[in-house]
Each structure stands twice: as structure tokens, then as C-alpha cells.
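Here is the structure we will look at, set down as C-alpha cells.
The values are calculated or read from the model by the stated rules, or taken from the named source; none is laboratory data. Remember, predicted model here, so these are calculated numbers, not experimental data. Counting neighbours? That spans all protein chains shown, and the Cβs are built from the backbone with ideal geometry, glycine included.
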Amino acid sequence: MLGEEVVELSTVAQSFEGGDSAGNSVAIKENTPSSSLVDESEMVELESEKDYSIDSDSEVEITDEEKLASLEIKRDRLIAREELLLNFDRVFLSEGLRLLIILPAVATLSLFLGWFADETSPLWWSGSIEVATSLRFVEGMALLGFVVLFGDLCILGITRQRYTTTHAIFRLQGIRYRLEGRPLESMHGTSSLRNHTAGVIQHRNLALIVIATSMFCVAVALLVGTTSAFGNLSLLFSTCLALLGLAHHLIRERKSYNACERWGLLDAYRPPIHPATLDRVFTEVLTTHMDPILASRFDSFLRDFHRALRPGLDRSFAQEKLFMLHHLYREGLLDTAQRKEKLLEFIRADRYEGIVHHEWFDDELWNRLLRRAAERVPAFFRLVERLRHKIAAKLEDMREHDLIVDVDMETVVFDSANLFCLLFNNTGEEKPVVLRIQSPDFRPGDFSYTCKLKPGLNLISSKSEMAGFDAEDITDVISLMSDILGGSLMVWQTLLPLHLGESTVSVRIEEPTGELIYGRQINVRVRSEYNRRLSTGTGVLLLGISLMGMTVGFLSYWGLFFS
């Protein structure tokens, strides 16, 4: 039924190509060979639907509101289907019982026992099962492997259906946002995310072909007889193909994702671009890790948030403070009452519930987004936490320094490293500095930033017990921390490792004349991720065994190898 749903979706898309008298023309060209979800048989049906939609457009003019309503109905239908498939997948297939791994492993073992066994059945089989079913041990194992492979084929079809539904929802959302005048294709990461979802479907297609071929070989072996040379070769090929299907899954396994949950695409999305200098640190870090659909929803949330602000407040500062409060609330540093008190400083009381319990951006979504960002850039959150600790315990020491600097990056690096450097000018004048980062073990290896730091003397010097500042009061600490982050310059640089093993990164803050102000040496270990390495290594090993088994069997059948 997904084919029918996609045909309806494509029909709606084609009916939009005609546009309307107001110039709202949208050309939908989504059915490309690389990412199309419509099979050849469905393409014939699609062509017939196209002719009908063109004739309908010539008689009835469809408004944008009607198109959006139709898309919303189809989207809700697809989401309901995906929720059902997702729950089943989490309990039995990709997670939970993990049948995607267990079934091909059991099938491989059964087929191997059938191929390896002699023509004579073991006593425990011949005295019980063979008497009741007239099946020899070889035939019984082959038949058991065939049944298990059929089950594996079914669950692969279910997972493909789920990812196909996700891909259809993603395409439908693109059509919807294009009609609303904010095309999803203009956002960073849309094309890579679409290619990722299409690649997962192609991965499932290949797995289906491998398992179906293995079932065909088992059927051939049972038909021609497992005792014949060709039947024995077919049984060996089916064993190797089942093992190949397991190896393919282990090598190409990716993190699960979906489109029915608000945060469902976060794990699949890898931001292709991020700012090098952060003016609004929390805002830019969190929005960088939002997938395109979530980022589109975030624009709507910001409009609601700006309408909820008290008059005369700076929008950017209030927005930054909102994100910081969500972070501190997630870390347990603020309770619900304290967070509400701080939020009501810049949000009107009548709009508080609508912002905190927003239909999309509620506490659960913020928790998942913050957790995802903390997994990707832990150095940023460690740097912010150290700043909070310094304000609470070492504020007097901070006053004595003209330039407050802090640097952090991951000490264990897998794919890439994220280096963050915080620069705060604690003087009354603008201060030019040069930030230089050097490492022979990363790309880029030697580069520098020339920065002009705005003065921030009054931010720290005005905070004292005489002025009513209490370092033990978390709300006072948060207020000062948000002021310092707002007046600081933070640099975010991604470094790509050149090799595995021990590596070093040197960070220098210099005067424009070259005089050293601050220096830091960071030692890191570059390594491959253990779970990923184990899964890929096991998959490659099984792949090699499978190919070797088929090669040896083929050569033996033609008398070119030992028999």
C-alpha cells in the first residue's frame, strides 16, 4: 500500500506544476532514478494519473490552502503507518530481539549443517524425526534454513517499508514547505539527508536480493536432490549467500531514524557546515545540529517566542538566555521554579506556558537536542561548565586578568575533533589578538584568526558583594555567565586527523606583534570507534569467508580444486 500512497503523493506533486493565476507555480521533480520510491509497475500507473491530473487542472483551480490540506492528510496517514512499523522494528527487528542479525545467523548455521552432514542421518534424527516425517537430516536442515530465510526476507521487507515511508514523508515535507514559500532544498544538509535516506533503502534492496537468491539456491538443492553434486553446490552457495547477507548488514549498519517523531532525524543528520566564530554560542551550536525539518519548525517557534517577549528587550540576548536555561535545567542545576523565575524576566506571564510547553519545542525535544549536541561537541559544554564554576568559586581571580581564555577539545578523537576557544576582554578598551592553532597531526595544520575583542571591564568588576552579587546563588551566577558569554568571542574549529595514535594540538594567543599572551598544548588520542570497528571487522571477515566458500565450491564442482 505504500506504492499507492506514493502514487497519490506524486499525483499531487504533478498537479502543483500548473500553478495558479497568482503565480504560485511549483515544479515538482522529485521522482529521480536515484531516490525514487516508485517501481516500474507503479510508474505506468503514475503516467495514467498524470494525464488525469492535467485535465483536472484545466477545469478546476486548486488553491494553495487546498493543496496544503491535502498534503497534511497524506502526511498524517504516512506518519500513522510509520509509527506502527517503527514500534515493531524497535521491539523485534533492529533493536530488542534484533532479528535482523539472529535470523540470517540461524539460517547460515542450519544450511551449513545440512551441507556438511553425510548422507546418513545421525541417530537422534533417524530414530525420531526421520521416522515421523521421512526427511533425512540434510533435507531437514535445508528446509529449516529455507523457512528461516523466508522469515528474514519478510522482516527485511518490513524495514524497507519503514524507511521507504520515512523517505516519502521527507519528500512530502519538502513539497509542503515549497508551497509555503520556504523551500527545504535551500537549507544546509537537505541533499545529504535525502541521499542518506535513499542510500538506506538501496541497502535494504541489496539485502533482499541476496536473501532471495539464497532461498532460490536452497529450493534448487531440494528439487535436484541434496545428494547430487549440483544439489550440494547449490546448498553451499545458499549457505554462503546467507552469510553474505549477515556480513552486509554488519558492514553497512547505520543508526536508526524516522520522520514520525519530532527528533527522529537528529541521529541521521550530520551538519555539513558550522560557524567558525560564535556570537550567540548556544543558539548557533544548537541550530547547527538541527535537521532541516526541525530547523524549519524552529523558525515558527522563534516567531512565537519573539511575540512573547517583554517590550524593549533584545531578541538575540533573550533567545540565547532561553537556550542556556534549558541546558542548565537539563543538567539539574535549576529546578522548575527557578527556571520559571528566570524565564519570566523576559517572557510575559500570559505566554509562559505556550513557550515552555510548545507543541514542538517542549522539554523532551530540548533534552534530546541538547543530548545530541553534547555527543557531537562535548568540548563546548565542558567549557561552559568550567566558566560557571569559575564564576561561582574564582570570581576574584577572574578580575585580575586582562584577558580571560579557555580552550577545550576532545581528548579521544574518532572521525573529527572540535576545538573551542573562549576569549573575553576584561579591559576597558578594544583589544586585538591573534589566535594561532598548530598541529602536525590534523588538517588544517597551521592557521590563525586575527580577532578584535570588544571591552568587557564592567561586566565582572561590577559584580561584588557590595553590589548584591551572591556567588552561591545560582541565579546570580547564571546572569553573569550569560553576560560573559554574550560579551565573549568563541571560536569553533573542526580538525580532521591524519592518522591513528597519539597527536598534539598547540593553541597560542598572541599580540599582533607576535608576543605570546597565552599558550596551551593539548594531547589527544586518535582511534577508531570500537563498536563500529568490531561490527565492520566482523562483517569483512564473514564476507571473506562467504566469497572464499563460493569460490572453492565452484572450482571443486568443475574439478579444478579438491573434491
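Residues in the stretch 330-343 that are closer than 19 Å to Asp483 by Cβ and not polar (S, T, N, Q): how many?
So in the stretch 330-343, the residues closer than 19 Å to Asp483 by Cβ come out as 333-334, 338-339, 341-343.
Pick out the ones that are also not polar (S, T, N, Q) and you get 333-334, 339, 341-343.
Qualifying residue count for the region: 6.
The number of residues in the stretch 331-358 that are outside any helix (DSSP H, G or I) and either among the hydrophobic types (A, V, I, L, M, F, W, C) or at pLDDT 95 or above (or both) comes to 5. When Phe561 is tested against the conditions (1) outside any helix (DSSP H, G or I); (2) modelled with pLDDT of 90 or more; (3) among the hydrophobic types (A, V, I, L, M, F, W, C), the lone failure is (2). Does any residue of the stretch 270-287 turn out to be in contact with a Phe, Trp or Tyr (Cβ under 9 Å, 6 or more places away or on another chain), outside any strand (DSSP E or B), under 26 Å from Thr159 (Cβ atoms) and in contact (Cβ under 8 Å) with a residue 24 or more places away in the chain? Within the stretch 270-287, none of the residues are in contact with a Phe, Trp or Tyr (Cβ under 9 Å, 6 or more places away or on another chain), outside any strand (DSSP E or B), under 26 Å from Thr159 (Cβ atoms) and in contact (Cβ under 8 Å) with a residue 24 or more places away in the chain.
One line per residue, one yes/no per condition, for (1) part of a strand (DSSP E or B); (2) closer than 20 Å to Met398 by Cα:
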| residue | (1), (2) |
| --- | --- |
| Phe424 | yes, yes |
| Gly428 | no, yes |
| Phe447 | yes, no |
| Asn458 | no, yes |
| Ile478 | no, yes |
| Met481 | no, yes |
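Residue count for the stretch 302-330 under the criterion of being buried (at least 20 other Cβ atoms within 10 Å of the Cβ) and either part of a loop (DSSP other than H, G, I, E, B) or not assigned by TED's automatic domain parsing to the domain that holds Phe361 (or both): the result is 0.
Taking the stretch 402-418, which residues are under 23 Å from Ser482 (Cβ atoms) and either in a strand (DSSP E or B) or touching a Phe, Trp or Tyr at 6+ places or on another chain (Cβ under 9 Å) (or both)? Passing the criteria: Leu403, Ile404, Val405, Asp406, Val407, Asp408, Asn418.
If you take the residues in the stretch 226-240 that are over 12 Å from Gly114 (Cβ atoms) and either modelled with pLDDT of 95 or more or crowded, with 18+ Cβ neighbours inside 10 Å (or both), which one is nearest to the chain's Cα centre (by Cα)? Reasoning before the result, please.
Start the filter on the stretch 226-240 by keeping residues that are over 12 Å from Gly114 (Cβ atoms), which leaves 228-230, 233, 237, 240.
Adding the requirement that they be either modelled with pLDDT of 95 or more or crowded, with 18+ Cβ neighbours inside 10 Å (or both) leaves 233, 237, 240.
Numbers: Leu233: 42, Phe237: 36, Cys240: 32 Å.
The qualifying residue nearest to the chain's Cα centre (by Cα) is Cys240.
So is Glu30 at pLDDT below 85, outside the structural domain of Arg171 (by TED's automatic domain parsing) and more than 23 Å from Glu180 (Cα to Cα) or not?
Working: at pLDDT below 85: yes; outside the structural domain of Arg171 (by TED's automatic domain parsing): yes; more than 23 Å from Glu180 (Cα to Cα): no.
For Glu30, the condition - at pLDDT below 85, outside the structural domain of Arg171 (by TED's automatic domain parsing) and more than 23 Å from Glu180 (Cα to Cα) - is not met.
In the stretch 119-135, the condition of being among the hydrophobic types (A, V, I, L, M, F, W, C), over 28 Å from Cys240 (Cα atoms) and in a helix (DSSP H, G or I) is met by at least one residue.
Being more than 25 Å from Ala247 (Cα to Cα), in a helix (DSSP H, G or I) and more than 27 Å from the chain's Cα centre (by Cα) holds for only one residue in Leu172, Leu149, Leu143, Leu223, and it is Leu223.
Search the stretch 241-289 for residues being of a type in the set (Asp, Glu) and farther than 20 Å from Arg162 by Cβ, and hand back the single one that is modelled with the highest pLDDT. Per the stated criteria, the residue is Glu284.
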